[in-house]
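The values are calculated or read from the model by the stated rules, or taken from the named source; none is laboratory data. Remember, predicted model here, so these are calculated numbers, not experimental data. Every residue, glycine among them, receives a Cβ derived from its backbone with ideal geometry; neighbour counts consider all protein chains shown.
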Amino acid sequence: MLKVLTTTDFSANSKAGIRFAIQLASQQACEITFFHSYHIMKPSIWDAKRFTSYEKSETVKIKNKLEKFVAAIYKALDTKPEKVHYVISCSFVIDSNIIKYTTDHQFDLICISRRGEGKLKKIFGTNTTNLIQRSKVPVIAIPNNYKSMKIKSVLYASDLANLKHEMDKVIAFAKPLGATIELLHLNYPSDTSDNMKAIEDVIKHYPKTNITYRLENIDLIYNLVSNLEHVIKKTKPSILVMFTDQDLGFFEKLFLSSSTAEFSLIASVPLLVFKKN
């Protein structure tokens with residue numbers, strides 16, 4: 001059974017991630033943990049005893065708020081929760097809190113809503129991009145305008161490096177959902193024949209899986225993100241899958257930011273990101 005951690009900060013934007021997790025559970029066996037990270041400030045004039053009492057009462061309120069918030073979404077979708085848990089965890093740093101909890105409790109996926117941010121926040125990171133760049137657990141970033149719909153197709157954007165290993169992971173995600181897989185590679189025209197052979201050789205290993213492929217020549221006028229958006233508009237997949245290299249230094253992260261992390265800020269479809277080996 002798939003273990004999915006779904007985060008919420010009780011905002012309207014965070015409802016999208018919850019809706020996606022509920023949809024995922026409707027198509028395959030899932031155990032969903034709804035997670036809220038909080039931090040309670042201690043007034044300097046309070047002693048430890050007073051603050052501890054206040055903290056206990058506040059955690060009860062926060063836990064109840066989480067349960068009511070999620071219940072309202074289930075009700076709106078006319079669905080009853082099954083195999084769900086509600087967890088609140090205190091920490092000043094939200095993304096680190098999520099990473100620690102998912103690692104300690106061996107989750108399979110992190111589901112988080114995201115909304116577009118300005119250039120400044122893109123450089124310094126958001127909870128979504130920080131999770132993508134740091135989490136060992138795969139992350140699904142959900143657009144804040146996501147509406148529940150059946151997951152029918154997966155677009156897997158690949159650089160063709162370590163293709164067999166990555167394809168195994170994509171199939172493991174898509175197959176239980178009954179979703180088709182389209183492998184996308186953006187290439188230069190001179191590489192087309194070699195890339196096509198590499199893709200076909202890998203696909204032969206999966207005769208019983210519905211896999212197609214698409215080779216698109218890069219439009220050099222635009223960056224990788226824009227090229228991907230162009231393909232998505234044509235193919236309209238249910239979800240995009242990418243693999244990201246997390247082993248970049250600070251300089252590379254700041255000035256040569258991962259295209260996968262950048263894409264999570266503007267993607268028009270849910271984005272599932274695995275750590276690249």
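What about residue 175, is it surrounded by 15 or more Cβ atoms within 10 Å (Cβ to Cβ), assigned by TED's automatic domain parsing to the domain that holds residue 245 and assigned to a helix (DSSP H, G or I)? First the steps, then the outcome.
On the way: surrounded by 15 or more Cβ atoms within 10 Å (Cβ to Cβ): yes; assigned by TED's automatic domain parsing to the domain that holds residue 245: yes; assigned to a helix (DSSP H, G or I): yes.
Yes, satisfied.
Starting from residues that are part of a strand (DSSP E or B) and exposed (fewer than 14 other Cβ atoms within 10 Å of the Cβ), keep the ones in the range 193-222 and report whichever is farthest from the chain's Cα centre (by Cα). Among residues in the range 193-222 that are part of a strand (DSSP E or B) and exposed (fewer than 14 other Cβ atoms within 10 Å of the Cβ), the one farthest from the chain's Cα centre (by Cα) is 217. May I ask you to list the residues in the range 187-233 that are under 21 Å from residue 141 (Cα atoms) and charged (D, E, K, R)? Passing the criteria: 229, 233. Across the range 152-167, the qualifying residues are those that are of a type in the set (D, E, K, R) and out of contact with any His (no Cβ under 9 Å at 6 or more places or on another chain), and the one among them that is surrounded by the fewest Cβ atoms within 10 Å (Cβ to Cβ) is 152. Screening the candidates 34, 20, 10 for the property of being surrounded by 23 or more Cβ atoms within 10 Å (Cβ to Cβ), among the hydrophobic types (A, V, I, L, M, F, W, C) and over 14 Å from the mean Cα position of the chain (by Cα) yields one hit, 34.
Pull up the range 153-170, narrow it to residues that are assigned to a helix (DSSP H, G or I) and touching a strand residue (DSSP E or B) at 6+ places or on another chain (Cβ under 7 Å), then point me to the one that is nearest to residue 276 (Cα to Cα).
Step one: filter the range 153-170 for residues assigned to a helix (DSSP H, G or I), giving 163-170.
Subsequent filtering for residues that are touching a strand residue (DSSP E or B) at 6+ places or on another chain (Cβ under 7 Å) retains 166, 169-170.
On the way: 166: 8, 169: 11, 170: 12 Å.
Filtering first and then ranking leaves 166.
Which fully enclosed strands (runs of 3 or more DSSP E) of the range 1-116 have 3 or more residues being out of contact with any Lys or Arg (no Cβ under 9 Å at 6 or more places or on another chain) and not aliphatic (A, V, I, L, M)? Correct list: 2-7, 30-38.
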